[in-house]
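The structure appears right after this line, and notes come after that.
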Amino acid sequence: MNFLIVKRAGRPAPRTGARGLATAVALLSVAWLTGCHGTVQPAERTAQEQLAKVTRNYRPHGHPPFLPVLTTNATLGDLLTYALLNHPQVAATYYDWQASVNDITVARSLPDPQFTFQTDIAEAVTSVMPGLVQTLPGWGKLKAQAGVAAAASAAKAVAYQTAVLQTAYGVKQSYYQLWYLEETLKLDREMQRLLVRLEHIARAQNESGQVTLQDVYRAQLEEDRLATEIANREDSRTALLAQYKAALGYAREQPAPPWPIRWAGPSPDAAMEQLLATAYDHNPPLAAMRAEIARAQAALAVAQTAGRPDVSVGLMADAKASPVLYRPLATVTVPLWRDKLKAELMSAEAARQAATNRLAEAQLNLAVAFAEKSYAWREVNRNLGVLQQQLIPKTRRSLEIARSAYLDGKTDFFNLMDTERALLNAQSDLIAARLQRELVLAELSLLIAGVPPEVTNP
């Protein structure tokens, strides 16, 4: 704040100063009106438009929209919409982004005008001098500061998009893991019923004298093992439902949402040869690093303006003088410390170089991660094809042959049980491969997409 204390020569003060008081009122009116609106920067307007587009659906009128009602018929799209509108991680990054957009306005605005007041007092008040001072930063400084704030806001926007993707991935992960659990339990219970039938067959064979009681015990042992496995899987449902509840953003004290009884079905195939180029354009970490480079470049522009002086100008008026006495004010900063200015410039340039090299490193890491995920995608699809087209059909035919041979006394119970177990393992592998396929696609969307899922459209 700039104050200037001025001593006036002691001369008799006139009794009236209507003109001076009017001038003082005029100065105060100017001080009030100068803070109306500044000049909106292009980057500021762009950030405001992007935020407004999200706000219309995500937080209309400053409040959360009505959430969809989750029932047992809820689709995966319903779950994603609910989670992205309700999850606190998404809300936190949204409000961080909103704050950063407003920071652009703060950064590009002029400092507030300063009201100054001075009076001379001897035996009586000899002068009353209100005034107004405005500081004008050096040329280009406000624009450069707005650039830094805009780049920081772009990084917050990327953080919001990343939170959206991570939340969507969490929903998909818990959804498919619960589906895997239910499908595996169905398979285990089907196998349990089959083992009961095999035990009855072994008892009938034993009663006819074709086999010993050992075959009955073997069937019972397999039943006990499978019953324990079913109990363990059912017990794991509690932990998976807790993950499902957290993925949707439910508070601890809220009851768990109902579990959808309809599976979304397999996701469509992905064109892997087109995804890497998409990843370089839209990957959230890469976008965040590009925003960091932009922020570093804007900080460099700020450092380049540090040597430009700031100017403060003002005007004071003596309300008691007649005629009114006006006193112009002016101050200029002197950027004297050249070593400090050089250090600021070198620091900003080093930060820009560091951000550029971090982006190059992240691009290398993305290429490696993409290669790993694309291999996992090809592997799981090959496994699915082999299981569906060869292993399961052949194992099922082998089981039919082994069952007929056991009834005819041409094979033992060990061979029959091994064939039964082989079919169970193949069917379990098929369910696990379907789960892995969906999770790989979800990880690829997190790695590559960089945009919110279409169902949310925030």
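Observations on the structure shown:
- Neighbours of THR135 by Cβ distance under 10 Å: Lys/Arg scored +1, Asp/Glu scored -1, total -2.
- Note on GLN210 and VAL196: the model spin-label points, each 7 Å out from Cα along the C-beta direction, lie 2.3 nm apart.
- Convex hull (Cα only) mean projected area of the stretch 18-449, reported in nm² to one decimal: 33.2 nm²
- Summed side-chain charge close to GLU234 - residues other than GLU234 whose Cβ falls under 15 Å, Lys, Arg +1, Asp, Glu -1: -1
- The length gained on full extension between GLN166 and ARG358, counted as 0.36 nm times the residue separation minus their Cα-Cα distance, comes to 66.9 nm.
- Environment charge of THR39, counting only residues whose C-beta is closer than 13 Å and scoring Lys/Arg +1, Asp/Glu -1: +2
- Efficiency of FRET from Cβ geometry, TYR95 and TRP263, R₀ 41 Å, rounded to 0.05: 0.70
- For the stretch 419-432, backbone phi angles converted through the Karplus equation (6.51, -1.76, 1.60; θ = phi - 60°) give residue-by-residue couplings of 5, 4, 5, 4, 5, 4, 5, 5, 5, 5, 5, 5, 5, 5 Hz, Gly and Pro being listed as x.
- Put simply, when 310-323, 238-251, 63-76 are sorted by average Cβ atoms within 10 angstrom per residue, most first, you get 310-323, 238-251, 63-76.
- The alpha-carbon of LYS143 sits under 15 angstrom from the alpha-carbons of these aspartates and glutamates, leaving out residues fewer than 8 places away in its chain: GLU44, ASP103, ASP310.
- Between ASP224 and LYS394, the modelled label-to-label distance comes to 3.5 nm, taking each label 7 Å out from Cα in the direction of the beta carbon.
- Computed from label points 7 Å out along Cα-Cβ, the spacing between THR71 and ASN232 is 3.8 nm.
- Estimated FRET transfer efficiency (TRP337, LYS186; beta-carbon r; R0 56 Å; 0.05): 0.15
- Residues HIS87, HIS61, HIS200 arranged by fewest to most Cβ contacts within 10 Å: HIS61, HIS200, HIS87
- Phi angles across the stretch 237-244 convert, under the Karplus curve 6.51 cos²θ - 1.76 cosθ + 1.60 with θ = phi - 60°, into 3J(HN,Hα) values of 4, 4, 5, 5, 5, 5, 5, 4 Hz, Gly and Pro given as x.
- Exposure proxy for SER208, SER236, SER398, SER153: other Cβ atoms within 10 Å of each Cβ, ordered fewest to most, give SER208, SER236, SER398, SER153.
- Other-chain or far-sequence residues with amide H under 5 Å of ALA317's (modelled H): ARG327
- FRET efficiency, TYR375 to THR55 (Cβ-Cβ, R0 51 Å, nearest 0.05): 0.80
FYI, it's all coordinate maths here, none of it is from the lab. Note that the structure is a prediction, hence the values are computed from the model and not measured. Positions of Cβ are generated from backbone atoms using ideal geometry, with glycine treated the same way; all protein chains shown enter the neighbour counts.
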